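One structure below.
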Amino acid sequence: MRSIGLDVGGTKVLGVVVDVSGTVLDEHRVLTPSTDGVLLVAAMAEVVTVLHDRHGEVATVGAGVAGLITRDGMARFSPNLSGVVELPVAALLSEAVGLPVALDNDATCALRAEHRRGAARGVDDVALVALGTGVGGAFILDGELRRGASGFAGEIGHMVVDVGGVPCVCGRRGCWERYASGTGLGRMGREAAEAGRAPRLVELAGGDPLAVRGEHVTAAAAEGDAAALAVVDVLAGWVAIGLVNLCQALDVARFVIGGGLAEAGDVIIEPIRRAYDERAVGAAYRPRVEIVAAQLGEQAGAVGAALLAASMP
């Protein structure tokens, strides 16, 4: 029997249909409504309906949503989805589509998929770090997916790395995701463009320095543009700070880097590796921690959500 999985992030709702082996058969996506929880559930239901109509024989639906997700399917709070506060997503979506729904955090879903089918296979102590609109995380320790006392483990994007730093959507300042995410990369790219240091970024953004986004930075870096590479190095340094902190706390053997930034491949991953090695604590006395790109790409969260749904009793 087939399952549908949804990945609900700050920019899109991505849905996939998977078979019993976890193989993706089809996908559909819509833009994420940013300010209304009811509209968000409606967008999720639209994706499910489209995929169900195409394939039929769907038994269950799983959804990964960014933010604090309880074990009973409640989205308590999502910094990057402003309309999601105390929203019973699983119950509302199940009512809308007429199918059982399982809900979890999006990064937790992504790690579930990467551990079964991707870059975390065969590793008992591994952390997934998703670098997208924000920064999400999930952990497998001693071979078990760890969700914490309330199910909220992995909200690593809101570790403070710069007290009094850049304002965050969560209401505080200096959160890791303000510096280590695609959003942070775009901000740093715009700063370089406005200062006149990055003409290629301005060119890629259609001549407007304020229109520079993270993808312009990674595209220019892939071309070898020196200014873009310098911006990526700054991002990599911030990413490495968080990874070193996580390794000190969790002692993982591997970091799997997912999210939209990981799609750029070695343009992003290699600078992160270098920056991590420069900052690692006790590096001469401990095994080297692997830092690898996620293998399932942007579908990882949706595939993991579908696998979660397929395991429902």
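The values are calculated or read from the model by the stated rules, or taken from the named source; none is laboratory data. As the structure is a prediction and not an experimental result, all values here were calculated from the model. Cβ atoms come from the backbone with ideal geometry, glycine included; neighbour counts cover every protein chain shown.
Give me a count of the residues in the stretch 18-42 that are part of a helix (DSSP H, G or I) and buried (at least 20 other Cβ atoms within 10 Å of the Cβ).
3
Looking only at helices (runs of 4 or more DSSP H) that fall completely inside the stretch 159-218, which ones have 1 or more residues that are farther than 12 Å from residue 135 by Cβ and more than 19 Å from the chain's Cα centre (by Cα)? Write out each step before concluding.
On the way: elements: 177-180, 182-194, 199-204.
Result: 182-194, 199-204.
Determine if the stretch 253-263 includes at least one residue that is hydrophobic (A, V, I, L, M, F, W, C), modelled with pLDDT of 95 or more, surrounded by fewer than 21 Cβ atoms within 10 Å (Cβ to Cβ) and in a helix (DSSP H, G or I).
Checking the stretch 253-263: not a single residue is hydrophobic (A, V, I, L, M, F, W, C), modelled with pLDDT of 95 or more, surrounded by fewer than 21 Cβ atoms within 10 Å (Cβ to Cβ) and in a helix (DSSP H, G or I).
Quick one: which of 236, 275, 249, 305 is modelled with pLDDT of 95 or more, assigned to a helix (DSSP H, G or I), assigned by TED's automatic domain parsing to the domain that holds residue 6 and among the hydrophobic types (A, V, I, L, M, F, W, C)?
305
Within the stretch 105-140, take every residue that is out of contact with any strand residue (DSSP E or B) (no Cβ under 9 Å at 6 or more places or on another chain) and among the basic types (Lys, Arg) and give me the one that is nearest to residue 298 (Cα to Cα).
Checking each candidate, the answer is 117.
In this structure, is residue 228 in contact (Cβ under 8 Å) with a residue 12 or more places away in the chain, in the same structural domain as residue 159 (by TED's automatic domain parsing) and surrounded by 22 or more Cβ atoms within 10 Å (Cβ to Cβ)? Explain how you work it out, then say what you get.
Working: in contact (Cβ under 8 Å) with a residue 12 or more places away in the chain: yes; in the same structural domain as residue 159 (by TED's automatic domain parsing): yes; surrounded by 22 or more Cβ atoms within 10 Å (Cβ to Cβ): yes.
Yes: the conditions hold for residue 228.
I need the full set of residues from the stretch 280-290 which are surrounded by 14 or more Cβ atoms within 10 Å (Cβ to Cβ) and within 26 Å of the chain's Cα centre (by Cα), in order please.
Across the stretch 280-290, the qualifying residues are 280, 289, 290.
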